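**Student:** Please see the structure below; I have some questions.
The values are calculated or read from the model by the stated rules, or taken from the named source; none is laboratory data. All figures in this text were calculated on a predicted structure; none of them were measured in a lab. Positions of Cβ are generated from backbone atoms using ideal geometry, with glycine treated the same way; all protein chains shown enter the neighbour counts.
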Amino acid sequence: MPGPETSQSLEDYIQRIPGHEHFYDKHEGAVKHESTSQLQPGVLNRILFYPGSFNPPHISHLALLQHIMKSGSDMNFIATVIFPADDAFIEKKLGEEAEDFILSKEERVRLWRGHGRDAPFWTYGGSIMEWQAFKAELIQEVAKDGFQLDISVLGGPDRMVDVDKGPPGQWGYNEWVFSDFSRDIEDYTPGSAMKQLESYEPWTPVVMNRKKSRQAAETVVSYIIAGMYMTGPKNTANMLKKVPSMKEPMIEDWFNNSESSTSTAWVCRRKDSPKATMLFIPKVEDEEESEAPRTSSSAIRELIKNAPPGKLEGRLSGKVLHPDILCEILSERGLC
(Lines give C-alpha, C1' and ligand atoms only; values in the text may rest on other atoms or scores of the structure.)
Protein backbone atom coordinates (compact mmCIF):
# COMPACT_ATOMS: atom_id res chain seq x y z
CA MET A 1 0.00 0.00 0.00
CA PRO A 2 1.55 3.32 -1.07
CA GLY A 3 2.02 5.99 1.59
CA PRO A 4 0.25 9.35 1.64
CA GLU A 5 1.38 11.97 -0.87
CA THR A 6 0.18 15.12 0.89
CA SER A 7 0.22 16.45 4.43
CA GLN A 8 -2.81 16.13 6.70
CA SER A 9 -4.04 18.06 9.71
CA LEU A 10 -3.06 16.44 13.00
CA GLU A 11 -6.13 17.99 14.59
CA ASP A 12 -8.41 16.06 12.23
CA TYR A 13 -7.02 12.82 13.65
CA ILE A 14 -7.19 14.06 17.24
CA GLN A 15 -10.89 14.81 16.88
CA ARG A 16 -11.64 11.29 15.61
CA ILE A 17 -10.59 9.66 18.88
CA PRO A 18 -12.83 9.36 21.95
CA GLY A 19 -11.51 11.55 24.74
CA HIS A 20 -10.35 14.37 22.47
CA GLU A 21 -12.44 16.80 24.55
CA HIS A 22 -9.53 16.91 27.03
CA PHE A 23 -7.69 19.08 24.50
CA TYR A 24 -10.38 21.76 24.51
CA ASP A 25 -11.87 24.21 26.98
CA LYS A 26 -15.26 22.88 28.04
CA HIS A 27 -16.61 26.41 28.51
CA GLU A 28 -15.24 28.16 25.41
CA GLY A 29 -15.21 25.32 22.90
CA ALA A 30 -12.32 24.26 20.67
CA VAL A 31 -9.18 26.38 20.72
CA LYS A 32 -8.14 27.23 17.19
CA HIS A 33 -4.74 25.75 16.43
CA GLU A 34 -2.11 26.85 13.97
CA SER A 35 -2.16 25.16 10.54
CA THR A 36 1.51 24.20 11.02
CA SER A 37 0.44 21.09 12.98
CA GLN A 38 0.50 18.99 9.83
CA LEU A 39 1.48 15.35 9.46
CA GLN A 40 4.13 15.08 6.75
CA PRO A 41 4.35 12.05 4.41
CA GLY A 42 7.54 10.00 4.21
CA VAL A 43 9.13 11.24 7.46
CA LEU A 44 8.88 10.53 11.17
CA ASN A 45 6.55 13.12 12.66
CA ARG A 46 7.06 13.91 16.33
CA ILE A 47 4.85 15.34 19.06
CA LEU A 48 6.76 16.99 21.89
CA PHE A 49 5.12 15.94 25.16
CA TYR A 50 5.87 18.51 27.88
CA PRO A 51 4.81 17.36 31.37
CA GLY A 52 5.35 19.43 34.48
CA SER A 53 3.89 20.70 37.72
CA PHE A 54 3.45 24.25 36.36
CA ASN A 55 2.34 25.58 39.74
CA PRO A 56 2.12 28.19 38.28
CA PRO A 57 3.47 28.10 34.68
CA HIS A 58 6.02 30.85 34.10
CA ILE A 59 8.40 32.35 31.54
CA SER A 60 11.18 29.81 32.08
CA HIS A 61 8.79 26.97 31.23
CA LEU A 62 7.86 28.79 28.04
CA ALA A 63 11.45 29.76 27.18
CA LEU A 64 12.60 26.13 27.39
CA LEU A 65 9.85 25.06 25.01
CA GLN A 66 10.69 27.85 22.54
CA HIS A 67 14.39 26.94 22.66
CA ILE A 68 13.70 23.31 21.78
CA MET A 69 11.42 24.28 18.90
CA LYS A 70 14.07 26.67 17.52
CA SER A 71 17.15 24.49 17.96
CA GLY A 72 15.42 21.20 17.19
CA SER A 73 13.48 22.29 14.13
CA ASP A 74 15.08 19.55 12.00
CA MET A 75 13.56 16.91 14.31
CA ASN A 76 10.16 17.60 12.76
CA PHE A 77 8.21 18.40 15.90
CA ILE A 78 4.81 19.09 14.39
CA ALA A 79 3.06 19.88 17.68
CA THR A 80 3.49 20.15 21.43
CA VAL A 81 1.19 18.71 24.08
CA ILE A 82 1.46 20.49 27.43
CA PHE A 83 0.58 18.20 30.34
CA PRO A 84 0.04 19.84 33.75
CA ALA A 85 0.56 17.09 36.31
CA ASP A 86 -2.41 15.54 38.08
CA ASP A 87 -3.42 17.11 41.40
CA ALA A 88 -2.37 14.08 43.45
CA PHE A 89 1.16 14.35 42.07
CA ILE A 90 1.40 18.05 42.99
CA GLU A 91 0.15 17.44 46.52
CA LYS A 92 2.69 14.67 47.03
CA LYS A 93 5.53 16.74 45.56
CA LEU A 94 4.88 19.86 47.63
CA GLY A 95 4.11 18.08 50.88
CA GLU A 96 3.36 20.59 53.63
CA GLU A 97 3.72 23.49 51.20
CA ALA A 98 0.67 22.17 49.30
CA GLU A 99 -1.53 23.52 52.09
CA ASP A 100 -0.09 26.99 51.51
CA PHE A 101 -0.44 27.38 47.75
CA ILE A 102 -1.53 24.95 45.09
CA LEU A 103 -3.34 25.55 41.83
CA SER A 104 -5.72 22.84 40.67
CA LYS A 105 -5.03 21.01 37.43
CA GLU A 106 -7.98 22.82 35.86
CA GLU A 107 -6.46 26.19 36.83
CA ARG A 108 -3.01 25.25 35.55
CA VAL A 109 -4.53 24.08 32.25
CA ARG A 110 -6.38 27.37 31.98
CA LEU A 111 -3.15 29.34 32.50
CA TRP A 112 -1.53 27.57 29.53
CA ARG A 113 -4.58 27.91 27.30
CA GLY A 114 -5.18 31.55 28.09
CA HIS A 115 -7.93 33.37 26.22
CA GLY A 116 -8.42 30.86 23.43
CA ARG A 117 -6.50 32.72 20.72
CA ASP A 118 -4.45 30.89 18.10
CA ALA A 119 -1.92 28.60 19.75
CA PRO A 120 0.69 26.29 18.20
CA PHE A 121 0.25 23.70 20.94
CA TRP A 122 -2.40 21.85 22.88
CA THR A 123 -2.82 21.66 26.64
CA TYR A 124 -4.19 18.31 27.78
CA GLY A 125 -6.63 18.39 30.71
CA GLY A 126 -7.17 14.66 31.27
CA SER A 127 -5.31 12.33 33.63
CA ILE A 128 -1.99 10.67 32.85
CA MET A 129 -3.75 7.32 32.34
CA GLU A 130 -6.18 8.90 29.88
CA TRP A 131 -3.29 10.51 28.00
CA GLN A 132 -1.38 7.21 27.73
CA ALA A 133 -4.40 5.52 26.19
CA PHE A 134 -5.12 8.46 23.89
CA LYS A 135 -1.60 8.80 22.48
CA ALA A 136 -1.40 5.06 21.74
CA GLU A 137 -4.65 5.24 19.77
CA LEU A 138 -3.53 8.42 17.98
CA ILE A 139 -0.33 6.74 16.76
CA GLN A 140 -2.36 3.80 15.48
CA GLU A 141 -4.95 6.03 13.81
CA VAL A 142 -2.45 8.05 11.75
CA ALA A 143 -0.58 4.85 10.83
CA LYS A 144 -3.74 3.57 9.08
CA ASP A 145 -3.19 6.35 6.52
CA GLY A 146 0.54 5.70 6.22
CA PHE A 147 1.87 8.43 8.53
CA GLN A 148 4.64 7.79 11.04
CA LEU A 149 4.17 9.42 14.45
CA ASP A 150 6.14 9.18 17.68
CA ILE A 151 6.20 11.01 21.00
CA SER A 152 9.29 12.71 22.48
CA VAL A 153 9.24 13.84 26.12
CA LEU A 154 10.68 17.20 27.15
CA GLY A 155 12.10 17.34 30.65
CA GLY A 156 14.30 19.44 32.89
CA PRO A 157 17.88 18.25 33.41
CA ASP A 158 16.99 16.97 36.88
CA ARG A 159 14.87 14.26 35.23
CA MET A 160 17.90 12.66 33.54
CA VAL A 161 18.86 10.73 36.66
CA ASP A 162 15.27 9.49 37.11
CA VAL A 163 15.14 8.22 33.54
CA ASP A 164 18.60 6.67 33.82
CA LYS A 165 17.91 4.78 37.04
CA GLY A 166 14.33 3.79 36.30
CA PRO A 167 13.40 0.52 34.59
CA PRO A 168 13.50 0.79 30.78
CA GLY A 169 10.22 1.83 29.22
CA GLN A 170 8.53 2.55 32.55
CA TRP A 171 6.92 5.74 31.19
CA GLY A 172 6.11 4.22 27.80
CA TYR A 173 8.43 6.53 25.81
CA ASN A 174 11.69 5.82 24.03
CA GLU A 175 12.92 9.35 23.33
CA TRP A 176 13.68 12.08 25.87
CA VAL A 177 14.78 15.66 25.20
CA PHE A 178 16.63 17.75 27.80
CA SER A 179 18.31 21.16 27.92
CA ASP A 180 20.11 23.50 30.29
CA PHE A 181 18.49 26.53 28.64
CA SER A 182 16.45 27.66 31.62
CA ARG A 183 18.22 25.77 34.41
CA ASP A 184 21.95 25.18 34.89
CA ILE A 185 23.30 21.66 35.32
CA GLU A 186 25.68 20.97 38.18
CA ASP A 187 29.21 19.95 37.14
CA TYR A 188 28.53 20.55 33.44
CA THR A 189 30.91 22.53 31.22
CA PRO A 190 29.19 24.15 28.22
CA GLY A 191 30.40 22.72 24.93
CA SER A 192 31.38 19.38 26.44
CA ALA A 193 29.66 16.03 26.76
CA MET A 194 27.33 15.38 29.65
CA LYS A 195 28.30 13.19 32.61
CA GLN A 196 28.22 9.48 31.77
CA LEU A 197 24.93 7.81 32.73
CA GLU A 198 24.89 4.33 34.22
CA SER A 199 22.40 2.67 31.88
CA TYR A 200 23.36 4.51 28.69
CA GLU A 201 26.20 4.51 26.17
CA PRO A 202 28.57 7.51 26.17
CA TRP A 203 27.23 10.83 24.90
CA THR A 204 28.14 11.59 21.28
CA PRO A 205 27.83 14.94 19.48
CA VAL A 206 25.30 15.52 16.71
CA VAL A 207 24.91 18.60 14.52
CA MET A 208 21.51 20.24 14.71
CA ASN A 209 20.54 22.19 11.61
CA ARG A 210 17.68 24.62 11.55
CA LYS A 211 15.33 23.07 9.03
CA LYS A 212 15.07 25.33 5.99
CA SER A 213 11.39 25.14 5.15
CA ARG A 214 8.52 27.53 5.18
CA GLN A 215 6.58 25.30 7.57
CA ALA A 216 9.47 25.14 10.08
CA ALA A 217 9.79 28.94 9.98
CA GLU A 218 6.04 29.39 10.51
CA THR A 219 6.10 26.95 13.44
CA VAL A 220 8.97 28.68 15.23
CA VAL A 221 7.49 32.16 14.75
CA SER A 222 4.09 30.97 15.96
CA TYR A 223 5.75 29.86 19.24
CA ILE A 224 7.49 33.22 19.58
CA ILE A 225 4.31 35.24 19.05
CA ALA A 226 2.26 32.93 21.28
CA GLY A 227 4.83 33.54 24.01
CA MET A 228 4.50 37.29 23.57
CA TYR A 229 0.74 37.04 24.06
CA MET A 230 1.07 34.75 27.05
CA THR A 231 3.49 36.90 29.03
CA GLY A 232 2.36 40.38 27.94
CA PRO A 233 -1.08 40.16 26.31
CA LYS A 234 -1.89 43.88 26.41
CA ASN A 235 1.46 45.06 25.05
CA THR A 236 1.47 42.41 22.31
CA ALA A 237 -2.08 43.24 21.22
CA ASN A 238 -1.16 46.93 20.99
CA MET A 239 1.99 46.11 19.04
CA LEU A 240 0.09 44.00 16.50
CA LYS A 241 -2.46 46.78 16.06
CA LYS A 242 0.35 49.13 15.09
CA VAL A 243 2.20 46.54 12.98
CA PRO A 244 -0.40 43.95 11.90
CA SER A 245 1.98 42.39 9.37
CA MET A 246 4.76 41.80 11.95
CA LYS A 247 4.56 38.01 11.63
CA GLU A 248 5.50 37.78 7.94
CA PRO A 249 8.90 39.55 8.23
CA MET A 250 9.72 37.32 11.21
CA ILE A 251 8.97 34.22 9.13
CA GLU A 252 11.07 35.51 6.23
CA ASP A 253 14.00 36.28 8.52
CA TRP A 254 13.91 32.84 10.11
CA PHE A 255 13.57 31.11 6.74
CA ASN A 256 16.42 33.05 5.12
CA ASN A 257 18.82 32.47 8.02
CA SER A 258 18.07 28.77 8.49
CA GLU A 259 20.83 27.33 6.32
CA SER A 260 23.62 29.18 8.12
CA SER A 261 22.51 28.24 11.63
CA THR A 262 23.77 25.04 13.25
CA SER A 263 24.45 23.95 16.80
CA THR A 264 25.83 20.89 18.55
CA ALA A 265 23.61 18.63 20.60
CA TRP A 266 24.46 15.42 22.43
CA VAL A 267 22.81 12.03 22.19
CA CYS A 268 23.13 8.79 24.14
CA ARG A 269 21.31 5.47 23.82
CA ARG A 270 20.28 2.93 26.41
CA LYS A 271 22.46 -0.18 26.62
CA ASP A 272 19.67 -2.71 27.23
CA SER A 273 16.16 -3.23 25.87
CA PRO A 274 13.79 -1.69 25.15
CA LYS A 275 16.00 0.82 23.38
CA ALA A 276 15.71 4.44 24.41
CA THR A 277 17.40 7.68 23.42
CA MET A 278 18.28 10.84 25.34
CA LEU A 279 18.93 14.05 23.42
CA PHE A 280 20.55 17.03 25.16
CA ILE A 281 20.09 20.36 23.36
CA PRO A 282 22.26 22.92 25.19
CA LYS A 283 21.82 26.65 25.25
CA VAL A 284 23.91 28.44 22.64
CA GLU A 285 26.45 30.59 24.41
CA ASP A 286 27.12 33.05 21.59
CA GLU A 287 23.49 33.82 20.75
CA GLU A 288 21.44 36.57 22.32
CA GLU A 289 18.57 34.15 22.83
CA SER A 290 20.73 32.08 25.17
CA GLU A 291 20.04 34.66 27.88
CA ALA A 292 17.06 32.70 29.10
CA PRO A 293 14.69 34.23 31.63
CA ARG A 294 15.35 32.47 34.93
CA THR A 295 12.68 32.00 37.56
CA SER A 296 10.91 29.13 39.27
CA SER A 297 7.43 28.26 40.42
CA SER A 298 8.57 28.39 44.04
CA ALA A 299 9.93 31.93 43.50
CA ILE A 300 6.61 32.97 41.95
CA ARG A 301 4.68 31.47 44.86
CA GLU A 302 6.89 33.43 47.27
CA LEU A 303 6.24 36.63 45.27
CA ILE A 304 2.49 36.01 45.49
CA LYS A 305 2.61 35.56 49.26
CA ASN A 306 4.64 38.74 49.84
CA ALA A 307 3.21 41.20 47.27
CA PRO A 308 1.47 44.29 48.74
CA PRO A 309 -2.30 44.57 48.18
CA GLY A 310 -3.18 45.77 44.69
CA LYS A 311 0.36 45.35 43.35
CA LEU A 312 0.39 41.68 42.43
CA GLU A 313 -0.71 41.73 38.77
CA GLY A 314 1.96 44.30 37.92
CA ARG A 315 4.62 42.23 39.63
CA LEU A 316 3.49 39.05 37.89
CA SER A 317 3.60 40.67 34.43
CA GLY A 318 6.50 39.33 32.39
CA LYS A 319 7.11 36.51 34.88
CA VAL A 320 4.13 34.17 34.52
CA LEU A 321 1.88 33.00 31.71
CA HIS A 322 -1.31 35.04 31.41
CA PRO A 323 -0.79 37.20 34.52
CA ASP A 324 -4.32 38.61 34.19
CA ILE A 325 -5.85 35.13 34.44
CA LEU A 326 -3.61 34.14 37.34
CA CYS A 327 -4.61 37.30 39.19
CA GLU A 328 -8.27 36.51 38.53
CA ILE A 329 -7.77 33.04 40.02
CA LEU A 330 -5.93 34.46 43.01
CA SER A 331 -8.52 37.17 43.61
CA GLU A 332 -11.03 34.42 44.36
CA ARG A 333 -8.72 33.47 47.25
CA GLY A 334 -8.27 37.07 48.37
CA LEU A 335 -4.66 37.18 47.15
CA CYS A 336 -4.88 39.71 44.33
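**Student:** Being surrounded by 23 or more Cβ atoms within 10 Å (Cβ to Cβ) and either more than 16 Å from the chain's Cα centre (by Cα) or more than 17 Å from PHE121 (Cβ to Cβ) (or both) is the filter here; which residues of segment 46-55 pass it?
**Tutor:** Passing the criteria: only ASN55.
**Student:** If I ask for residues that are touching a residue at least 40 places away in the same chain (Cβ under 8 Å), under 25 Å from SER297 (Cβ atoms) and β-branched (Val, Ile, Thr), which ones from segment 114-166 would you list?
**Tutor:** Listed by number, the residues that qualify are THR123, ILE128, ILE151, VAL153, VAL163.
**Student:** To continue, here is another question. If we keep just the residues of segment 188-217 that are farther than 10 Å from ASP74 by Cβ and among the charged types (D, E, K, R), which is modelled with the highest pLDDT?
**Tutor:** Of everything passing the filter in segment 188-217, GLU201 is modelled with the highest pLDDT.
**Student:** Pull up segment 59-98, narrow it to residues that are of a type outside the set (A, V, I, L, M, F, W, C) and not in a helix (DSSP H, G or I), then point me to the one that is modelled with the lowest pLDDT. If you could, list the steps in order and put the result at the bottom.
**Tutor:** If we filter segment 59-98 for residues that are of a type outside the set (A, V, I, L, M, F, W, C), which is where we start, we get 60-61, 66-67, 70-74, 76, 80, 84, 86-87, 91-93, 95-97.
Those left that are additionally not in a helix (DSSP H, G or I): 72, 76, 80, 84, 86.
Working: GLY72: 81, ASN76: 87, THR80: 94, PRO84: 96, ASP86: 93.
So the residue we want is GLY72.
**Student:** Can you name the residue in segment 126-145 that is part of a loop (DSSP other than H, G, I, E, B) and over 19 Å from the mean Cα position of the chain (by Cα) and, of all such residues, is surrounded by the most Cβ atoms within 10 Å (Cβ to Cβ)? Even if it seems obvious, please write down each step before you answer.
**Tutor:** Going residue by residue through segment 126-145, those that are part of a loop (DSSP other than H, G, I, E, B) are 126-127, 144-145.
With the extra rule that they be over 19 Å from the mean Cα position of the chain (by Cα), the set shrinks to 144-145.
Values: LYS144: 8, ASP145: 13.
Selected residue: ASP145.
**Student:** Let me ask something else about it. With the requirement that a residue be buried (at least 18 other Cβ atoms within 10 Å of the Cβ) and modelled with pLDDT of 85 or more, what does segment 317-336 give you? I'd like the intermediate steps shown before the answer.
**Tutor:** Looking only at segment 317-336, we keep the residues that are buried (at least 18 other Cβ atoms within 10 Å of the Cβ), and these are 319-323, 325-327, 329-330, 336.
Passing the criteria: LYS319, VAL320, LEU321, HIS322, PRO323, ILE325, LEU326, CYS327, ILE329, LEU330.
**Student:** Give the residue that is modelled with the lowest pLDDT, with candidates limited to residues of segment 242-272 that are surrounded by 12 or more Cβ atoms within 10 Å (Cβ to Cβ) and assigned to a loop (DSSP other than H, G, I, E, B).
**Tutor:** SER261
**Student:** Out of the residues in segment 273-316 that are polar (S, T, N, Q), surrounded by 15 or more Cβ atoms within 10 Å (Cβ to Cβ) and not in a helix (DSSP H, G or I), state the one that is modelled with the lowest pLDDT.
**Tutor:** Across segment 273-316, the extreme among qualifying residues is THR295.
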